[in-house]
1. Looking only at segment 2-16, decide whether some residue is modelled with pLDDT under 95, touching a strand residue (DSSP E or B) at 6+ places or on another chain (Cβ under 9 Å) and not small (Gly, Ala, Ser).
2. Taking segment 201-257 as the region of interest, how many residues are out of contact with any Ser or Thr (no Cβ under 9 Å at 6 or more places or on another chain), under 27 Å from Pro280 (Cβ atoms) and away from ligand 1 (no atom under 16 Å from the Cβ)?
3. Val350 fails exactly one of the following numbered conditions: (1) over 30 Å from Arg88 (Cβ atoms); (2) part of a helix (DSSP H, G or I). What is the number of that condition?
4. Which condition from (1) assigned to a loop (DSSP other than H, G, I, E, B); (2) crowded, with 21+ Cβ neighbours inside 10 Å; (3) more than 14 Å from ligand 2 (Cβ to nearest atom) is the one that Pro55 breaks?
5. Look through segment 276-300, keep the residues that are surrounded by fewer than 23 Cβ atoms within 10 Å (Cβ to Cβ) and among the aliphatic types (A, V, I, L, M), and return whichever of them is nearest to ligand 1 (Cβ to nearest atom).
6. Filter segment 340-365 for residues that are at pLDDT 95 or above, more than 16 Å from Lys32 (Cα to Cα) and surrounded by fewer than 21 Cβ atoms within 10 Å (Cβ to Cβ) and give the result.
7. Taking segment 308-365 only, how many residues are aromatic (Phe, Trp, Tyr) and in contact with a Cys (Cβ under 8 Å, 6 or more places away or on another chain)?
8. Which one of the conditions (1) touching a residue at least 24 places away in the same chain (Cβ under 8 Å); (2) away from ligand 3 (no atom under 16 Å from the Cβ) does Gly343 fail to meet, given that it meets all the rest?
Amino acid sequence: KDSYSITLLPGDGIGPEITAATKVALTALCEKSGFTLELKEALIGGAAIDAVNDPFPEESLQQCLSSDSVLLACIGGYKWDNNPRELRPESGLLKMRKEMGLFANLRPAKVLPQLMDASTLKREIIEGVDIMCVRELTGDVYFGTPKGIDVIDGQRVGYNNMIYSEMEIDRIARVAGDIAAKRGGKLCSIDKANVLDVSQLWREVVTDVITKDFPSVELSHMYVDNCAMQLIRYPKQFDVIVCGNIFGDILSDEASMLVGSLGMLPSASIGESGPGVFEPCHGSAPDIAGDDKANPLAMILSAAMMLKYDLDRPEEAKMLEDAVEAVLDKGFRTPDIKIEDDGCQLVGCVAMGEAVAEVITAMEL
Ligand code: NAD
Ligand code: IPM
Ligand code: MN
């Protein structure tokens with residue numbers, strides 16, 4: 001197969017900017033490698049609320065489901081922050097993940113030598129760090145019921161339910177076990193089993209799955225609070241970590257600072273079958289939206305994950321990753337990864353996308 005249909009979801013804030021930069025890079029890649037991506041945009045988030053009063057309309061869902069793969073930028077913004085929950089951009093994102101069955105979110109945090117000084121941590125702590133965070137994506141306190149804000153005994157009470165079924169834990173443990181077996185063979189499961197019943201079940205099921213079906217994988221367990229500390233103290237101890245939805249959300253943002261910027265962290269959201277959604281870990285960065293300051297590399301690296309996981313084009317994925325490293329080698333830096341007096345060239349989102357495209361065009365096959 002040499003032609004693929006891709007749904008592009010630009011979303012909100014810096015979303016349209018990083019989407020445009022990613023398109024420039026992908027166009028160069030297609031021309032170089034001789035395959036075609038038919039990129040068709042669809043609505044999600046605030047943009048969809050403004051256009052059709054629905055943060056993830058049925059039409060977008062159907063288009064995603066009938067594509068070979070989906071590339072998402074980011075959603076959200078102040079404008080919609082006071083909307084009722086079902087009319088908030090975030091609800092559209094959660095609906096997309098749930099309805100497409102994307103229960104596994106892979107968030108790699110790999111420290112690049114070029115960006116060692118962009119991290120707030122010391123070089124010797126982060127050198128060589130390569131962590132894969134496997135985050136469960138369609139369960140937990142995000143989707144649990146009952147939920148709401150009610151008046152009880154004359155005062156308002158807000159509540160959500162942290163809940164996991166055996167089946168949900170089993171299938172994410174298998175994804176993590178599989179990845180760990182193909183990488184360094186180490187898996188650390190993150191929970192709060194000293195306090196939470198849901199975590200006690202999590203630990204039992206993960207232990208069962210890994211010891212029975214992944215005998216080559218060395219499994220350990222860690223409480224989430226300790227993990228947050230260990231990620232900063234000695235991140236090299238981690239190979240693959242597996243965690244529930246909310247712990248993974250928080251720990252992966254933390255892990256981005258090992259790499260140097262949230263603007264560098266890609267992710268892959270995948271299910272049992274059907275197209276995956278490839279999305280940077282970051283949000284819509286409303287503080288810099290419209291200023292040509294956004295780093296498009298997290299989305300470009302997400303496109304590389306799409307090529308690898310959904311389109312079975314590992315060579316082209318590698319070309320894209322190599323091109324990202326090459327532009328960093330050449331000294332191109334968006335503001336989030338620019339260090340004072342580093343001798344590098346400060347560029348915007350547009351120029352960064354063009355730089356990646358130029359490197360690809362100049363590649364020798
Ligand atoms: P955020 O990730 O948007 O921004 C956090 C900080 O990182 C900001 O200072 C921002 O400027 C910076 N940043 C993020 N991405 C960057 C990039 N590519 N280049 C340079 N700098 C970047 O998180 P937030 O500010 O807490 O949330 C803003 C909005 O985004 C909210 O509405 C939130 O709900 C939404 N959000 C969406 C997603 C998503 O679409 N997957 C993820 C997280 C947050
Ligand atoms: C992310 C975001 C989302 C999440 C929000 C916007 C719903 O923070 O993709 O990491 O919490 O999953
Ligand atoms: Mn997040």
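1. Quick first cut of segment 2-16, residues modelled with pLDDT under 95 only: 2.
From the residues that got through so far, the ones that are touching a strand residue (DSSP E or B) at 6+ places or on another chain (Cβ under 9 Å) too are 2.
Among the residues that remain, those that are also not small (Gly, Ala, Ser) are: 2.
Checked segment 2-16: at least one residue is modelled with pLDDT under 95, touching a strand residue (DSSP E or B) at 6+ places or on another chain (Cβ under 9 Å) and not small (Gly, Ala, Ser).
2. 15
3. Of the numbered conditions (1) over 30 Å from Arg88 (Cβ atoms); (2) part of a helix (DSSP H, G or I), the odd one out for Val350 is (1).
4. Unmet for Pro55, out of (1) assigned to a loop (DSSP other than H, G, I, E, B); (2) crowded, with 21+ Cβ neighbours inside 10 Å; (3) more than 14 Å from ligand 2 (Cβ to nearest atom): (3).
5. The residue in question is Ile288.
6. Cys344, Gln345, Leu346, Gly348, Val350, Ala351
7. First, pick out the residues of segment 308-365 that are aromatic (Phe, Trp, Tyr): 309, 332.
With in contact with a Cys (Cβ under 8 Å, 6 or more places away or on another chain) added as a condition, the list becomes 332.
Total meeting the criteria: 1.
8. Against the list (1) touching a residue at least 24 places away in the same chain (Cβ under 8 Å); (2) away from ligand 3 (no atom under 16 Å from the Cβ), Gly343 comes up short only on (1).
The values are calculated or read from the model by the stated rules, or taken from the named source; none is laboratory data. All values derive from a computational prediction rather than experimental measurement. Positions of Cβ are backbone-derived with ideal geometry, glycine not excepted, and every protein chain shown enters the neighbour counts.
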